[in-house]
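The structure appears right after this line, and notes come after that.
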Amino acid sequence: MPDKPTLPRHFESLSWDDLVTWAGSKIAGRGRDYQRKGRVKALAVTADGGLIASVIGSERYAVQVRMDAEGILKSQCTCPYELDCKHGVATVLEYLARVGQDRPIPKADPRDEPLAWKSDDDIDGDDEDDADACGPALSRDVLAQVDTLLSEMTKADLVKMILGFVEKYPEVASELQDTVQLRAGDVAALTARLREEIREASSEPGWQDRWGGEGYTPDYSGIRDRLETLLTAGHADAVLDLGKEIIESGTNQVETSEDEGETAMEVSSSIAVLPRALSASSLPEAERLLWALDAVLDDPFDLCAALADYLGEKHASAAWNIVADALLKRLATEKFRKSEFGSAYWRDQLTNWTIHALEQAGRQREILPLCEAEAEKTDSYVRLVTRLIALERFADAERWIHKGVQATHKDRLGTASQLRDALLVVRIRQQDWPAVAILHVEEFVRSPSVQDFENCKKAAQRLDIWTIVRRTLLEYLAGGQQPWKQPEWPLPAPDKDTPQLEQRDTLPNFSILIEIAIHEKNPEEVLRWYDRRPQRPFFGYSTLDEDVATAVASYAPDQAVSIWKTLAEREIARTKPSAYHEAASYLRKAAKVMLREKREADWEQYLARLRSEHLRKKRLLEVLDTLSAEPTVKKGR
């Protein structure tokens with residue numbers, strides 16, 4: 001039996017609520033299912049008091065968990081999520097279960113620890129060593145011993161050992177076959193085999209069932225390795241030919257996949273070889289750029305990001321000059337292509353790359369006329385106005401802003417909003433502070449929000465008129481009269497594009513009035529507006545109700561508890577496991593307030609009633625059993 005190490009006592013203080021707070025109710029629930037099904041293997045305690053384990057999901061994943069000095073949990077995993085996943089939760093729960101049962105937990109052998117902790121920058125970066133971080137690396141001593149062993153072996157013994165590896169490991173056989181075919185100059189045979197692998201890898205869509213812990217992600221690692229082999233052997237043109245097939249078949253595969261990007265990542269990993277193939281190819285530099293541009297322009301899933309990066313690198317201005325002419329010709333002759341983002345989307349992207357080519361070729365004078373010509377064709381007014389503002393041509397910018405708003409305010413609200421933001425930039429550059437305040441008020445009238453209310457406050461305070469402006473904004477929300485039509489309005493009325501309330505909003509707007517009262521930390525006003533809002537059958541509850549309960553918990557604890565109970569019972573009525581976990585989050589908040597108010601008996605009585613009313617909902621009863629603030633591992637066990 002292994003020695004019982006010094007246990008990381010800080011983990012033992014954890015409650016189920018702590019795990020839910022850390023990972024979220026859904027992930028925590030899945031992690032608990034994994035632990036209960038015995039999927040956590042090889043659990044061990046590391047020298048620095050962390051945990052490592054192997055967790056069985058759709059694959060075997062290596063997990064490491066730690067708790068920092070401030071009590072914050074962090075985990076790393078070799079699964080696609082990488083950080084703070086269900087496998088990390090399962091590892092912690094398995095540790096707590098074993099401690100609670102007084103079962104021994106071994107110390108980790110440093111050589112077996114699957115992950116070395118990294119900074120956030122390291123985790124997000126493109127460290128080439130990351131691909132090997134999941135498996136044990138040979139130490140220098142072991143490598144030296146292997147080197148000595150191999151150097152002492154006869155050729156016959158080496159051949160015998162390698163042939164044994166070939167029989168045992170298919171990957172070794174495949175790599176040796178690549179080497180044999182390349183040495184024989186039979187590139188055609190290798191590329192034919194690689195095409196077959198591409199067709200096989202892209203034949204089935206990827207999918208993931210997060211609840212069941214199952215799924216399928218196509219493996220492009222072998223394709224990537226063979227592309228690298230071909231490239232190293234000097235066959236860059238062959239790599240590009242294969243790259244076209246990968247891009248086409250991979251795009252189709254990603255389009256039909258149902259996962260969270262795992263398939264796209266696999267396809268992209270192979271495409272990432274192509275920029276180096278372009279640099280080493282026999283194509284003239286301008287044709288290399290056009291090759292990459294065509295791939296990027298026809299890429300709906302951002303699979304060719306590596307090729308976009310290639311286009312952003314330094315290339316000869318003469319090459320960009322040729323590319324600019326080719327793209328300008330396309331704009332003049334090609335019809336609009338269809339796109340899932342709209343018929344003008346493809347042309348708009350082509351224009352952006354044409355502008356980039358002109359910039360790199362030193363032909364800046366042609367850019368502004370191109371932007372003006374394209375603005376009305378694709379509603380790309382923002383691109384034009386941004387350049388005019390950068391040139392400090394404010395009058396021209398304002399003229400195009402008003403023209404663009406008139407063209408887009410009905411069908412392209414986002415573009416119209418961006419143009420109004422651009423007008424705000426112009427007014428700030430001109431230091432016209434009354435106009436700045438009016439623009440913020442106009443935006444508040446169009447679509448009231450707490451952020452716009454705060455923007456109005458900052459602008460009005462600069463003019464020392466916030467008290468009056470605040471009152472007119474609240475009157476607008478409550479009664480519907482526009483601020484500049486109220487008697488005490490201290491600024492001029494809008495002169496153009498008079499704003500109207502968006503159709504999705506209605507007045508009085510009780511939701512925004514409540515949110516503003518919450519923002520201003522005024523619980524009395526929060527409840528005043530909350531109690532006045534209409535009780536329609538379809539109104540229901542939303543995140544606003546939860547925010548109200550939180551805001552008034554100290555001022556009106558009984559009402560806060562009532563709201564949380566109502567939210568929880570609505571989730572329970574959905575009769576879904578995910579809804580039960582959501583209900584538990586509301587009940588924990590209600591419990592916290594009730595215990596603070598010394599109402600422990602009322603809380604226990606309420607829980608008992610819920611159990612009694614829902615005796616047949618076993619999954620709910622399991623969730624209700626977790627509603628305790630006590631540590632998962634009891635002291636003095």
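We did not get these values from a lab; they are worked out from the coordinates using the rules stated. Owing to the predicted nature of the structure, the values given are computational and were not obtained by experimental measurement. A quick note on method: Cβ atoms are made from the backbone with ideal geometry, for glycine too, and the neighbour counts reach across all protein chains shown.
Annotations for the structure displayed:
- Cα-Cα over 25 Å, subset of Lys74/Lys576; Lys41/Lys107; Lys565/Lys598: Lys74/Lys576
- For the range 9-118: rounded, prolate or oblate by the Cα gyration tensor [a/c cutoff 1.5]: rounded
- Checked against a 28 Å cut-off, the cross-linked pairs Lys86/Lys589; Lys458/Lys521; Lys26/Lys410 give Cα-Cα distances beyond that limit for Lys26/Lys410.
- Percent of Cα pairs in the range 381-499 per distance bin of 5 Å, from zero to the largest separation: 2, 11, 22, 23, 19, 14, 7, 2, 0.
- Overall form of the range 540-624 per C-alpha gyration tensor (a/c, 1.5; a/b vs b/c): oblate
- Entry note: the range 269-372 has Rg to Rh equal to 0.96, where both radii use alpha-carbon atoms and Rh is the Kirkwood radius.
- Relative packing of peptides 469-477, 34-42 - highest average C-beta neighbours within 10 Å first: 469-477, 34-42
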